[in-house]
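Contents: one structure, followed by commentary.
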Amino acid sequence: MGKSTLMNALVGAKVAITSSKPQTTRRAIRGIVNRPGAQLVVVDTPGLHRPRTLLGERLDSLVLSTLTEVDVIGFCVPADEAVGRGDRFIAEKLAAVKKTPVVAVVTKCDLASREQIANQLLAVSRLADFAEIIPVSAQSGEQLDILSEQLVRRLPESQPLYPGGELTDEPEQMLVAELIREAALEGVRDELPHSIAVVVEEMTPREGRDDLLDVYAHMFVERPSQKAIVIGPKGARLKDVGTRARTQIEALLGTHVYLDLRIKVAKDWQRDPKQLRRLGFYD
């Protein structure tokens, strides 16, 4: 749907990973937008769906609990795809969240013609009685200022929740783990997009160096055959993942990074309560 790309565009920095595959987002990630006289905290949640695994059930639970904690809900529908059963399913779920305004955001307008956008706006309007329907493009920045203004209009008055200058409240280790997962997804998104999890075990400055950070991380897959896919012929794919992840991590942290990335098999971890807790997905 382009949720994470949209949040990154609103924040003006990369705080959430993106992928062409649905269900990439696995946590409620907060991006902080500081405007004159206002602070907008955007919460990027996993997408609502009909879960097929225990992980999916926990992600849906996370979404539904987050919806009760926010002041306004953004419902994203891409401009270049016809409204379908999944959109109607989510619209029905959102209608059950009483007293919280829902703003429909038609995303990816840079990929659609004016006629497609007009038809999509009409189709979205038939899904529910939304507070606003706003077409935007995160890639070109079109109408992002209008979306931001409409969201801010619906916020209660309060002191800023975060100090000025912060872009997210995500711990650095979590951001680094997500960047590694994003790099891994780039190479295997069609083969095992949901079977990959990453845990950063340790991040420490190199002794005697103030310009080098040692990062030790484990990537988990569900079966030995998947491990072979991630490693690739003669380790080429894993090396490429490490190179791309390290570049992103260095840009995030502003320092040179040595990345030690190992692959482990955690059998059927998406369905195993113990494995899920170990990987940070709690009840």
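The values are calculated or read from the model by the stated rules, or taken from the named source; none is laboratory data. This is a predicted model, so every value here is computed, not measured. Neighbour counts are summed over all protein chains in view; Cβ atoms, including those assigned to glycine, are modelled from backbone coordinates with ideal geometry.
Quick one: in the stretch 224-274, which of the residues that are part of a helix (DSSP H, G or I) and either on the phi > 0 side of the Ramachandran plot or not assigned by TED's automatic domain parsing to the domain that holds ALA184 (or both) is nearest to the chain's Cα centre (by Cα)?
In the first step, residues of the stretch 224-274 are kept if they are part of a helix (DSSP H, G or I); the result is 224-231, 233-253, 269-271, 273-274.
Pick out the ones that are also either on the phi > 0 side of the Ramachandran plot or not assigned by TED's automatic domain parsing to the domain that holds ALA184 (or both) and you get 234-235.
Values: LYS234: 31, GLY235: 28 Å.
Applying the filter and picking the extreme gives GLY235.
Here is the figure for the stretch 169-178: residues that are crowded, with 22+ Cβ neighbours inside 10 Å and farther than 23 Å from LEU40 by Cβ total 2.
Residues checked against (1) at pLDDT 95 or above; (2) part of a loop (DSSP other than H, G, I, E, B); (3) under 21 Å from SER4 (Cβ atoms); (4) touching a Phe, Trp or Tyr at 6+ places or on another chain (Cβ under 7 Å):
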| position | (1), (2), (3), (4) |
| --- | --- |
| LEU94 | no, no, yes, yes |
| LYS98 | no, yes, no, no |
| GLU157 | no, yes, no, no |
| TYR162 | no, yes, yes, no |
| MET174 | no, no, yes, no |
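Going through the stretch 260-277 one residue at a time, which ones are in contact with a strand residue (DSSP E or B) (Cβ under 7 Å, 6 or more places away or on another chain) and touching a residue at least 60 places away in the same chain (Cβ under 8 Å)?
Of the stretch 260-277, the ones in contact with a strand residue (DSSP E or B) (Cβ under 7 Å, 6 or more places away or on another chain) are 260-266, 269.
Selection gives LEU261, ALA266, TRP269.
Contact map, the stretch 70-95: first residue in the same structural domain as GLY47 (by TED's automatic domain parsing), second residue of a type in the set (Gly, Ala, Ser) and modelled with pLDDT under 90, Cβ cut-off under 9 Å, separation 6 or more or different chains; pairs are CYS76/GLY2; CYS76/GLY47; PRO78/GLY2; GLY86/GLY47; ILE90/GLY47. So, LEU213, is that one under 14 Å from GLU172 (Cβ atoms), assigned to a strand (DSSP E or B) and either touching a residue at least 40 places away in the same chain (Cβ under 8 Å) or not assigned by TED's automatic domain parsing to the domain that holds VAL198 (or both) or not? Yes, satisfied. Counting only strands (runs of 3 or more DSSP E) that fall entirely inside the stretch 1-79 and contain at least 2 residues that are under 21 Å from LEU111 (Cα atoms), the qualifying elements are 73-78. Taken together, GLU201, GLU207 contain a single residue that is out of contact with any helix residue (DSSP H, G or I) (no Cβ under 7 Å at 6 or more places or on another chain), modelled with pLDDT of 90 or more and part of a strand (DSSP E or B), which is GLU201. Return yes when ALA128 is surrounded by 15 or more Cβ atoms within 10 Å (Cβ to Cβ), closer than 26 Å to GLY37 by Cβ and among the small types (Gly, Ala, Ser) and no when it is not. No. Every test in (1) within 26 Å of LEU121 (Cα to Cα); (2) touching an Asp or Glu at 6+ places or on another chain (Cβ under 6 Å); (3) not aromatic (Phe, Trp, Tyr) is passed by LEU94 save one, and that test is (2).
Going by the structure shown, is LEU147 assigned to a helix (DSSP H, G or I), crowded, with 18+ Cβ neighbours inside 10 Å and either basic (Lys, Arg) or at pLDDT 95 or above (or both)? Judged against the criteria, LEU147 is a match.
A quick yes/no check of all residues on (1) over 25 Å from GLY56 (Cβ atoms); (2) at pLDDT below 95; (3) crowded, with 18+ Cβ neighbours inside 10 Å:
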residue	(1), (2), (3)
GLY187	no, yes, no
ILE196	no, yes, yes
HIS218	no, no, yes
PRO224	no, yes, no
ALA236	yes, yes, no
LEU253	yes, yes, no
LEU276	no, yes, yes
